[in-house]
1. When DSSP assigns beta bridges and you keep just the ones with both residues in the range 246-351, what percent turn out antiparallel, to the nearest 5?
2. Below 12 angstrom from the Cβ of residue 117, what's the summed charge of the other residues (Lys, Arg +1; Asp, Glu -1)?
3. What does the C-alpha gyration tensor say about the overall shape of the range 163-266? Classify as rounded when a/c is under 1.5, otherwise prolate if a/b is larger than b/c, or oblate.
4. Between residue 126 and residue 313, what is 0.36 nm times their sequence separation minus the Cα-Cα distance? Round to one decimal in nm.
5. Under the rule of at least 5 residues apart or a separate chain, name every residue whose amide H is placed under 5 Å from the amide H of residue 351.
6. With a sphere of radius 14 Å drawn around the Cβ of residue 435, what net charge do the other residues whose Cβ falls strictly inside it have (Lys, Arg +1; Asp, Glu -1)?
7. Over the chain, with the other protein chains present, what is the accessible area per residue in square angstrom, probe 1.4 angstrom?
8. Which whole-Hz ³J(HN,Hα) couplings does the range 191-202 yield from phi under the Karplus relation 6.51 cos²θ - 1.76 cosθ + 1.60, θ = phi - 60°, glycine and proline marked x?
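The values are calculated or read from the model by the stated rules, or taken from the named source; none is laboratory data. Given the structure is predicted, the values throughout are model-derived calculations rather than measurements. As a convention, Cβ positions derive from the backbone with ideal geometry for all residues, glycine included, and neighbour counts pool all protein chains shown. Only protein heavy atoms, including side chains, enter the accessible area calculation; ligands, DNA and RNA are left aside. Shrake-Rupley method; radii C 1.70, N 1.55, O 1.52, S 1.80 Å.
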Amino acid sequence: MWSASKDTAGRRVAEWLGSLVALLTGLILVVALIFTRTFAPASAGIGDPYYPEAGGSGYDALSYVVDVTYDPGTAVLSGSTWVSLMTTQPLDVVHLDLMLAVSEVEVGGAKAGFTQRGSDLAVPLVTIAGLPANRAGEVVNILVAYSGSLAGLKFRDGFDPVYWNGAETLISGEPLSASAWFPSNDHPSDPATYDITVGVPTGVEAISVGTLLGHGADPAHPGEDTWHWRTATPAPTYATMLAVGQYDVETVPVQLDGVERTAVYAVSEAVAARTQAMDWLKESGAAVTALERHLGRYPLNALGGVVPGFTLEWAGMETLGRPVYDRDAVGKDNVLFHELAHQWLGDTVTLRQWHDIFINEAMASYLEWMSVAEAGGATPQQNFDHLYATSKGAFWSLRLSDPGTRDLFTRVYDRGPMVVHALRVRMGEDAFSRFLADWAGQSGPRSLDDWRVAAEKASPVDVRPLLAAWLDGTSKVPSTTENGFS
Ligand SMILES: [Zn+2]
């Protein structure tokens, strides 16, 4: 009786366990099927048609805490960066961009695997039975330790952001630059904040973006000075910068939005006209005040400027709160206005994709035209008339709404502001003022299509034919009232 009933009970338990296992297996299969149907694997590259390898998909970078040491004598940079991100989908792998060699990776404080292929750093997240462990909306903290030489890094399309001459170093440029010195989602559609600590040999200056929190000897590392910088508002990765070398550094009190802040200006000792360069940089405060009349409150809590001791491939670069200027640009107020206008237009209202470059460069160039006129220079109408009368050929045949990588930074600086001027003439002063302030008052990624919609909404007359002719056309725009000619 006992044994019989025991046998029966045993069989029942075994049958019940068998059914349970079958049920669970079925459930796992169903969950896995649902999951694999809705789960799109993360890709190396955020999906930019112009720069397919740039960035990574499936997440939103929140902040980068960069802590590196750098010797401008050898060009060797080493250290670590904490990348804090939020997943935007179930995520199995985080793809970051970094051109230096990685030695170790931690995810959430635990050692993790990684692979590096070209500039792509792939960090698998812990998975259970092949399923992504992270759902959308989860914060993931990744620590990357790395080192390497900045000399000889190979960037594509001739846009090399690294300048080094054995004594001084500058990392600044677009479309890519951050991945030369810290792991990042190196694409403008994913703005984030930056906390940057750089250790350099004693007596060397390390200038970066945002507010200078402190600098001085590092007791833990004899022979080293550390410089600590921090930004407060999210900005694209290409708006970061590192300048290391012998620099004159001056701090100047400046009023930003009624609050007294400290502007930090830096001029390389290799610049011949150092005093002139420093005096010119100090005009930044007045330039910001002039721009605020059109764009609204200055969006940052940091201000400054840097003139390195290199001949750069560009006149200025809108690095966050502290643009970098070529030494030949010193004294050219239009460059100062242009880069400071970018603090709103490009650094705060950022690009969705690189083919949207018009909303950065045409707008900053037009603010440059307006500000120069207000300072007594040529008027926007004079610039417009001159360009219309003298330009031919490739000036008109390039499609501004899709310029391609080769012409990403060409016609957008002259035909670009012409479009904005035509729009201003067509929509009228009041509508244009509101349009400018409203557009500049946003933050985060925007597309050229967003800009068109904003212009159409702001205008009392239909500007769609004007925008089509100027942005999508590939021949000289006819001088009609409808196209914004006065
Ligand atoms: Zn620009």
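1. Approximately 65 percent, going by the DSSP bridge assignments.
2. Value of the local net charge: -3.
3. Note, shape of the range 163-266 comes out oblate.
4. 63.0 nm
5. 446
6. Combined, the nearby Lys, Arg, Asp and Glu give +1.
7. Computed with neighbouring chains in place, this is 42 Å² per residue.
8. So the J values, rounded to whole Hz, are x, 8, 9, 9, 10, 10, 10, 10, x, 9, x, 3.
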